Structure formats: C-alpha cells, structure tokens
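Before any comments, here is the structure.
The values are calculated or read from the model by the stated rules, or taken from the named source; none is laboratory data. This one's a predicted model, so the numbers in the text were calculated from it and none came from an experiment. Cβ: placed from backbone, ideal geometry, glycine included. Neighbour counts: every protein chain shown. Calculation scope for accessible area: heavy atoms of the full protein, side chains included, ligands and nucleic acids excluded. Shrake-Rupley method; radii C 1.70, N 1.55, O 1.52, S 1.80 Å.
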Amino acid sequence: MKAVGDVLKYGDNIDTDVIIPARYLNSSEAEELAKHCMEDLDIDFLKKLKKGDIVVGGQNFGCGSSREHAPIAIKAAGVSCVIAKSFARIFYRNSINIGFPILECEEAVEEVQTGHKLEVDFKSGVIKNLTLGKEYKAQPFPEFIINIMDNNGLIECVKGNKINWGHN
Amino acid sequence: MTKPMNMTQKILAAGAGLDYVEAGQLISVKLDLVLGNDITSPVAIKEFNKTKLDKVFDKDKIALVLDHFTPNKDIKSAEHSKMVREFANQMEITNFFDVGEMGIEHALIPEKGLAKPGDIIIGADSHTCTYGALGAFSTGVGSTDMAVGMAAGHTWFKVPEAIKVVLKGKPAKWVSGKDVILHLIGTIGVDGALYQSLEFTGEGVANLSMDDRFTIANMVIEAGAKNGIFPIDETAVLYLNEHCTKEYKVFASDADAAYSRVIEIDLSALKPTIAFPHLPENTKTIDQVGEVIIDQVVIGSCTNGRIDDLRIAASILQGKKVKRGVRLVVIPGTQKIFLQAMEEGLAKIFVEAGGIFSTPTCGPCLGGHMGILAAGEKCVSTTNRNFVGRMGHVDSEVYLASPAVAAASAVTGKISSPEEVM
C-alpha cells in the first residue's frame, strides 16, 4: 500500500473549521464537501492540488470539531495522505475509520517543503523524499489498520458482525 | 490486590471487563450511550445502513438531538433533520429530541438524566466530553464510530495517560468555570493534553457549581484532551438526585494512581480570562485586554448556555442597555432553561436591555445561523472556539469569554470587566 505525490505544506493547528467550514455542513455528500476543502485556510487549495498530492501539516492537525466531513472532504478532493507532526485524536480516528491514510512523522515535516515529491509506504512506514533523495521513518500501520484501508473504511469490516469485541 | 488506577482507568477497566488497564493499552468496551446530532448523524446513518442491520444494538442507549442547524436554517439542513427523524422512528429510538423537545445536546443530556457516573459515552460531537463533569468517561468521536457504536454497542479505545489538575481555593465574584478552563488552555496550549485525560481534583472542586464543572469539562477538547473528569461529591449527587432516576456506580481515583503531569490552579488567583483570535490558547486576563471594540455578543452554547450562565448575565444587564451598535444574542441551552429564564424574569431583562432571546440552538457558535459575522466584525462569545471563520467571514474575529464578561461587554461595546459596569 503506497502513495506517491507532490507536497502541499501548511502549519500547526490546522482546525476542522478551516478544513471544511460549517456553512457547508448542510451537505453530507463527499463530492460536495470536497469542493470546499481547505477553503478558509487557502482559497487556492483546489487549484494547487493534483490528484494524489500529499498534505503536510505541523502539530495538532485536525483539531476542533468531530466532523468526519473534514477527512471525507480531504480524501474526496484527491489527497492521497496527510503527514503531520501530530494529529488531534478525533481527526485521527475518523481518518482511519474512513480508510484514509495519515501518518505522524516529525522528521519528515521538518524537512519537507511544498513541491517536494514523496513516496509513502504505509506497511513499512517509510517516507521517501524523492526530491531530496532522503528517507524518514514513521510508525507503520499494523495489520488491522491495513485491513480497514483495504476495505475502504471500518464499516465495511463491521458488516456481518465479523469484528470480535472480546466480550458481550 | 490490583495496582492503583485513576478514575478514567477504573471506568475503562470496568467497561472492558478487566481488573486493571494501563495507559497505552488497547481495549474494547461496552457503551452506555451513543450520541449524535443533525450534522454528524446523517453521515453515521449512511454508514449504519451499509451494515444492512434492521435494528440498533439498544434503542434506549442512543440519543439523537437535532440542535445544530435547527430550527432548520435551509432546505439542505431540513433534509438532514428529516433523515435523522425517519431513522429515529424506524429504529424506535427512545431518546430522540426534535424541535420542541430538543436543547443543545450537552446541556440536554445531563438534564434528562442520560449521563451518569461511571458511564462510557461516545458522541459524534467533540464536546461530548462535557459529561465528565458527572464522573462519566465521555468522549467525542466521528460519524463512523457513532455508526459502529449504534450497530455493535461496543467501541475500542487506547487507555489515555492522565494529567491531574489540582484545584485550590475559591474563585472571586466574577470568575467562573469558563475562566478556569480558559486559564488552563492558555497554560498548556491547544494540544497540551493531546490523547490524554484531564482529571480535576482538589478541595477547590467543592467551590465550583455543577454548571461551572460542565463548562470546564466541555472545553477540555480545546486542549486536545480525550476526556475530562470530575470526582462525584455532594454537589454532583444533589444534581443527580434532581435529574437522574437510574442507578449508577461511583468510581474514585486511588491516592497513588499514576499521572503524566500534575498542574495546580489556585482558583482565588484567577481573573476573568479572554481567548483572543484565532486559538483558544491565546488567552489574556481582563487587565491585559486593552481596547477591543465589538459588534456582537453571543451568550449561549453547550459551553455557557445553562441557567447559572443566564443568571450571571442577567444580573449584569438588569436595568442597563446594550450599547448602540452592538447586537446581543442570548440562547438558552434547553427548553427547560428557556422556561426557567422566563419564570425568573431573565428573558425580560435581556430583551429590555436590547438583546434577543432565542430558542435553543448551536446556531452562531459554529457559524451556522442566528448571528453570522461579516468581514471585519468582532464578537465576544461565551462559546468554545475562535478559529478562523468559526462564526462567519474568514476576516471576522471571535473572543471567547465568560457570560459575565460577555454581558458587561454588551453594555460598554468593548471587551470589559463586569466591575466596570456594576
């Protein structure tokens, strides 16, 4: 499971209100939400974005509201993954749950700049900076997370009650 | 004998059917309540429907509250509410709250006795952490987690580390729970408690009303926390006696439980505190504010729309007028609080002062409706977030404050201490 794309880099504390402003939350359609992705952070975001590009953020990416619309909008806009120093916990869970890969890697975020080309291997956690010819190491996804990604989200894994919660 | 645990560990251990859990451990737990609103539930319902299940795990343990864009502000919002309404009817959800019964979810759920000590609660709303004020483990999740919760009645958690916040002393006259939590966020930052639990303890807890505690627990997410939690004392028991008919189990931290960090706050030393744009951590005390001329004041939300909040605001606004050029929007948290405010004459005070008194809604807090800001406008708000564009235009500004500061600012037209007008 890999992603290759050019980087769009932003700062710390990118909140869910700028990722998808609440004025658009009267829709729950991914394609509709994608049209306004990052609008209040960078009005030209969608113009700059090419399918498969990688968003890089600083600390506490996705802080604020629990709106799953935020990772849904980023994913539907065509971003292949987000790499940040740290993620707000609800955004982190939501991304995994919808089958959208995100990685924490402080070292990569320090060096990577907008326009760099990255190759990310989620199974090994290796992030290659093809522009600089360098490598960074993030935590690889364990098997159950890979399973969620492969199934395009948690709900597909839950179908038919196949998850064993361990107790009743 | 088991190893010592803090309050959150004990609740999660019980929910997982284990004697002991440690920070970092992945566990699955049984859920006592799964909550959603009119924005997050439609996404959750679409996910739930993919499972092809014809019923939820327990129709009594799900709460659906139409509070964000209600009474519906536009056609699309109305379609979302309709979807939730139909789902609630189809699944025979006991605790479905539509316009007329609804309130802002985090004011409503405790009032209805649906959150109680020892519970494990998830809600597809980040401010679900509010119920930690009643000794529950309660945390915000997204719509897929809500959907899985509704289907399975279980979820998984990583047991968080805990930060112990020791409260001492008694707050001064115009200092409330809002100032306590803004002070804390200003101290540790918006990711100061990321992935962690904030456990409030110490003799100062006794000097905080339940409404103060709800406000504090409500905003722990603004420091990145997974949950906030308060011990159950006499004040909490009195609240529960009045609102909750169900039995509950009280968990208390062991004296030698592990914490990643200990923070002390002397409540008597706190001053009214304001968070400047565009992060809740950008705090200043009232004496550091300088002159900030404002266009709007909002008093309400899941953070500060409870009866104590309205009483404090009314005590300042009584017999005074809102400054010409300032819009004052007052929004009670629930229908019950609305009626209380009518009966106590608070609504009359707000309207006579030149403000408006609305039906419960999250409305302006997230820039939904009922008080959107234009470019360049400034608002003092008792809500919880002041991010870019949160209440409207990207070039508008939100200053977070207590109901006392908000009311005083409405009178003067600039950010002001209650002492300036009393």
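Any idea what log10 I(q)/I(0) is at q = 0.06 Å⁻¹ for the protein assembly as shown, Debye with uniform C-alpha scatterers and no solvent? Once normalised to I(0) and log-transformed, intensities are -0.28.
Across all C-alpha atoms in region A:1-43, the radius of gyration and Dmax reach 12.3, 35 Å. Summarising the label geometry, the points placed 7 Å from Cα in the beta-carbon direction at residue B:203 and residue B:234 lie 1.5 nm from one another. Close amide H contacts of residue B:356 (hydrogens built in the peptide plane, cut-off under 5 Å, sequence separation of 5 or more or a different chain): B:328, B:329, B:330. Considering all C-alpha pairs of region B:264-313, those separated by over 18 Å amount to 49%. The spacing between region B:52-79 and region B:19-46, judged by their C-alpha centroids, is 17 Å.
Spin-label pair residue B:269-residue A:48: with each label point 7 Å from Cα along the Cα-Cβ axis, the two points sit 4.3 nm from one another. Radius of gyration (Cα atoms) of region A:63-123, expressed as a multiple of 2.2 N^0.38 Å: 1.13. Dividing the mean sequence gap of close Cα pairs (under 8 Å, 6+ apart) by how many residues chain B holds gives a relative contact order of 17 percent. Across region B:347-410, Cα pairs under 8 Å and at least six residues apart give a relative contact order of 26 percent. Two numbers describe the Cα atoms of region B:1-117: Rg and Dmax, which are 17.2, 59 Å.
Once the C-beta distance of residue B:255 and residue B:98 is scaled by a Förster radius of 45 Å, the resulting FRET efficiency is 0.45 to the nearest 0.05.
Run the accessible area of region B:105-203 with a 1.4 Å probe and give the carbon-and-sulfur part as a rounded percent.
48
Legend: mean number of C-beta atoms from other chains within 10 angstrom of residue C-beta atoms, peptide B:191-201, equals 2. Inter-label distance, residue A:4 to residue A:151: 3.0 nm, where each label sits 7 Å from its Cα along the C-beta direction.
Rounded to the nearest 5, the antiparallel percentage of DSSP beta bridges internal to the protein assembly as shown is 30%.
Considering all different alpha carbon pairs of region A:57-168, the Kirkwood hydrodynamic radius works out to 15.0 Å. Over chain A, Cα pairs under 8 Å with separation of 6+ residues give a relative contact order of 23 percent. DSSP bridge analysis restricted to region A:1-123 gives an antiparallel fraction near 30%, rounded to the nearest 5.
Expressed as a whole percent, the accessible area of chain A that falls on carbon and sulfur atoms is 48 (1.4 Å probe).
Could you pull out every one of the aspartates and glutamates with an alpha carbon less than 15 Å from that of residue B:170, ignoring same-chain neighbours closer than 8 positions? Answer for residue B:170, where 15 Å is the Cα cut-off: B:179, B:203, B:212, B:264, B:266, listed by chain and number. Look at the dipole of chain A built from charges on Cβ: of A:102, A:41, A:152, the Cα furthest out on the positive end belongs to A:152.
Cross-link check: pairs B:76/B:112; B:46/B:82; A:47/A:85 evaluated at a Cα-Cα cut-off of 20 Å; pairs beyond the cut-off: B:76/B:112; A:47/A:85. Across peptide B:172-183, the mean count of Cβ atoms from other chains lying within 10 Å of each residue's own Cβ comes to 0. Listed values for region A:109-116 are Karplus-derived 3J(HN,Hα) couplings in whole Hz (6.51 cos²θ - 1.76 cosθ + 1.60, θ = phi - 60°), namely 4, 4, 8, 6, 10, 3, x, 5, and x replaces Gly and Pro. Going 7 Å from the Cα of residue A:119 in the Cα-to-Cβ direction, what parts of region A:1-26 have a backbone nitrogen less than 19 Å from that spot? From region A:1-26, the list is A:1-8. Across peptide B:49-62, how many C-beta atoms of other chains are within 10 Å of each residue C-beta, on average? The mean count of partner-chain Cβ atoms within 10 Å per residue comes to 1.
Label 7 Å along Cα→Cβ of residue B:74; region B:353-376 residues with amide nitrogen under 13 Å? Those under the cut-off are B:367-370. For the peptides B:154-161, A:3-10, the ranking by packing is B:154-161, A:3-10, with the highest mean count of neighbouring Cβ atoms within 10 Å listed first. Sorting B:259-268, B:125-134, A:70-79 by average packing, meaning the other beta carbons within 10 Å per residue, from highest down gives B:125-134, A:70-79, B:259-268. Hey, could you grab the Kirkwood Rh for region B:346-422? Inverse mean 1/r over distinct alpha carbon pairs, Å, one decimal. One over the average 1/r among Cα pairs gives 13.1 Å for region B:346-422.
Cross-link check: pairs B:50/B:178; B:116/B:321; B:59/B:249; A:9/A:35; B:226/B:284; B:61/B:168 evaluated at a Cα-Cα cut-off of 31 Å; pairs beyond the cut-off: B:50/B:178; B:116/B:321; B:61/B:168. Hydrodynamic radius of chain B by the Kirkwood approach over all distinct alpha-carbon pairs: 21.4 Å.
Please list, in order, the residues from region B:88-105 whose amide nitrogen is less than 11 Å from a point placed 7 Å along the Cα→Cβ vector of residue B:59. The answer is B:88-95, whose backbone nitrogens lie closer than 11 Å to the label point. Of the peptides B:14-21, B:324-331, A:56-63, B:270-277, the ranking by mean beta-carbon count within 10 Å, highest at the top, reads A:56-63, B:270-277, B:324-331, B:14-21. Between the listed residues B:2, B:103, B:17, the Cα displaced farthest toward the positive end of the dipole of the protein assembly as shown, a dipole computed from Cβ unit charges relative to the Cα centre, is found at B:103.
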